[in-house]
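Below is one structure, written out as structure tokens, with a few remarks after it.
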Amino acid sequence: MHTISPDALMAQLNWRYAVKKFDATKKIPDAQWQAIEQAMVLAPSSYGLQPWKFITISNPALRAELQEVSWNQSQIVDASHLVVFAAKKEVTKADVEKYVERIIAVRGGGMTPAISGYRDMMIGSMANPAGVPGGSMTTYTRAQTYIALGFALSAAAMMGIDACPMEGIDAAAYDKALGLSEMGYHAAVVGAFGYRSSEDWLAGLKKVRFEANDLFIRK
Ligand SMILES: Cc1cc2nc3c(=O)[nH]c(=O)nc-3n(C[C@H](O)[C@H](O)[C@H](O)COP(=O)(O)O)c2cc1C
């Protein structure tokens, strides 16, 4: 196992910031981008059900259309890579079955009593949307997309790639432009990835965080 030192980790997390202006001429090399995509794939989710889609947008015309419904923020068009994190509106029995099939395909060994019990438990949970954490299916799945976003942001930072998490979007307009509603998803949040512009006013500013003692409650 290759691990990184606490110093290396801190250096990268302090280096990263939410980029306001990307250098539109710089593109993320394929190997690095593939690793960022895999970080999203490897993000944890409730039961492992992965109730999300990651929509990567490279079409410039579509980017321009999305910028108009993103407070006109320049990152939408200037970033090397743009990802819309979409949350599944409902998690159904069919989704559970698909996941169970995948478990069996990946791990082998066929259906066991343990997998069958797990399947029944998941089906029971998903059949009662009001009982999921957050009290509704959309709150539950939406929250999980932010974990995938966080994984992608951290992965990018570890490789010296810049990013900006973006919630300043008209999610309904995104749903329409990307045909997400018909697919049973809705746009939750956007991740823009690339390289900071030398003109980004925010790049040189100190990071503002409360003291750890203000944030941690230790019992
Ligand atoms: C969920 C979320 C949504 C955000 N939306 C935007 C956005 O729409 N536009 C933007 O420029 N920054 C956005 N930010 C960036 C935050 O303003 C930034 O992360 C915060 O000020 C902390 O600064 P830092 O990330 O540079 O350390 C968002 C951050 C998060 C976590």
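The values are calculated or read from the model by the stated rules, or taken from the named source; none is laboratory data. Since we're looking at a predicted model, the values are computed, not measured. Ideal geometry is used to build each Cβ from the backbone, glycine not excepted, and the neighbour counts take in all protein chains shown. With ligands, DNA and RNA removed, areas are computed over all heavy atoms of the protein, side chains included. Shrake-Rupley method; radii C 1.70, N 1.55, O 1.52, S 1.80 Å.
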Next on the checklist: Please list, by residue number, every one of the GluC sites (Glu not before Pro) in region 104-211 that is coil in DSSP and has at most 10 other beta-carbon atoms within 10 Å.
Outcome noted: E199, E211
Checklist outcome for this item: Too long for a 21 Å Cα-Cα cut-off, among K20/K206; K53/K93; K27/K207; K53/K89; K27/K206; K21/K207, are K27/K207; K27/K206
Checklist entry - If contacts are Cα pairs under 8 angstrom and at least 6 residues apart, what is the relative contact order of the chain in percent? => result 34
Checklist outcome for this item: For region 108-147, dividing by residue count, accessible area per residue (probe 1.4 Å) in Å² works out to 51
Next on the checklist: For the chain, set up a GNM with springs between Cα atoms under 10 Å and report which of S70, S136, S198 has the largest fluctuation.
Outcome noted: S198
Checklist entry - Residue farthest toward the positive end of the dipole of the chain, with Cβ of Lys/Arg at +1 and Asp/Glu at -1: which of V19, I4, L82? => result I4
Checklist entry - Where does each of 174-181, 152-159 land if you order them by average Cβ count within 10 Å, highest first? => result 152-159, 174-181
Next on the checklist: So if I place +1 on the C-beta of Lys and Arg and -1 on the C-beta of Asp and Glu, and nothing else carries charge, what would the dipole magnitude of the chain be about its Cα centre? I want it in debye, nearest 20.
Outcome noted: 440
Item to check | Portion, in percent, of the accessible area of region 105-219 that falls on carbon or sulfur, probe 1.4 Å | outcome: 59
Item to check | Given charges at Cβ of Lys, Arg, Asp, Glu: the chain dipole, positive-most of M158, T92, G109 | outcome: G109
Checklist entry - Using helices alone, what [θ] at 222 nm do you get for the chain, with -39,500 (n - 2.57) per DSSP H run of 4 or more residues, divided over all residues and rounded to the nearest 500? => result -14000 deg cm²/dmol
